[in-house]
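One structure below.
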Amino acid sequence: MEEAPPRVAGGVAPGRGNRLVAGSGRQFQHSGGKRGLQTGPNPTDRGRAGSKHHVLTEAQGIPLVVTLTGANDHDVTQLLPLVDAVPKLRGERGRPCFRPARVQGDRAYHSQGHAAELKRRNIQPVIAQRGTAHGSGLGTTRWVVERTISWLHQFRRLRVRYERRADIHEAFLTLGCILICCRIAVRAF
């Protein structure tokens, strides 16, 4: 009698089912969904997963801080993290200035608690209130931020999020901001 043939294939890895067993035919996504972390159901696009870019710019439209959140996150939750992430300005003697004198935003960034927190930090909030007429004149100056966002979305990788990993998309966001700053610097000279 011959010996049993050597075992060629290994067993099933622990925690994994046998691939030859009939299944339900469905694929289940990991936590984070199809498009990865920092995505959420988009309220304007029939619940498809999406991301939102939050941009804080200076008066000419140079992006200072950019963050990425899920499409279903409220804008007001990003107001204080954006203001806190503003880098220190260097160049002049004395104490470096790293907080803006005032912050402008649309109605999505308005809340009494956040306005009080900005005032505590010596920042004047110029944010339209919900349920009131737009008579604050924000539309005449807030277009700068909208223009910067449109500049960012001219880059195809930022207009539609193709990456599952949020850190890769944030890297492309940073690269887009660098290109915008370079273009503005070239125009200035």
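The values are calculated or read from the model by the stated rules, or taken from the named source; none is laboratory data. Bear in mind that the values here come from a model prediction, so they are computed numbers and not experimental data. Using ideal geometry, Cβ is built from the backbone for each residue, glycine included, and neighbour counts are taken over all protein chains shown.
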Check your understanding: Within region 79-103, which residues are in contact with a helix residue (DSSP H, G or I) (Cβ under 8 Å, 6 or more places away or on another chain) and modelled with pLDDT of 85 or more?
Key -> 79, 80, 83, 103
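So, residue 111, is that one touching a residue at least 24 places away in the same chain (Cβ under 8 Å), among the polar types (S, T, N, Q) and over 16 Å from residue 65 (Cβ atoms) or not? Break it down stepwise before answering.
Working: touching a residue at least 24 places away in the same chain (Cβ under 8 Å): yes; among the polar types (S, T, N, Q): yes; over 16 Å from residue 65 (Cβ atoms): yes.
Yes: the conditions hold for residue 111.
Listed here are the residues, each with its yes/no results for (1) assigned to a helix (DSSP H, G or I); (2) closer than 21 Å to residue 141 by Cα; (3) touching a Gly at 6+ places or on another chain (Cβ under 6 Å).
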{"site": "82", "(1), (2), (3)": "yes, yes, no"}
{"site": "87", "(1), (2), (3)": "no, no, no"}
{"site": "93", "(1), (2), (3)": "no, no, no"}
{"site": "96", "(1), (2), (3)": "no, no, no"}
{"site": "99", "(1), (2), (3)": "no, yes, no"}
{"site": "115", "(1), (2), (3)": "yes, yes, no"}
Practice item. Determine whether residue 129 is in a loop (DSSP other than H, G, I, E, B), loosely packed, with under 15 Cβ neighbours inside 10 Å and modelled with pLDDT of 90 or more. Key: no
Exercise for review: Would you confirm whether any residue within region 41-54 is of a type outside the set (A, V, I, L, M, F, W, C), modelled with pLDDT of 80 or more and assigned to a loop (DSSP other than H, G, I, E, B)?
Suggested key: no
Revision key, fill the gap. Filter region 104-117 for residues that are buried (at least 17 other Cβ atoms within 10 Å of the Cβ) and within 21 Å of the chain's Cα centre (by Cα); the one that is modelled with the lowest pLDDT is 105
Check your understanding: Of everything in region 159-173 that's modelled with pLDDT under 90 and assigned to a helix (DSSP H, G or I), which residue is surrounded by the most Cβ atoms within 10 Å (Cβ to Cβ)?
Key -> 166
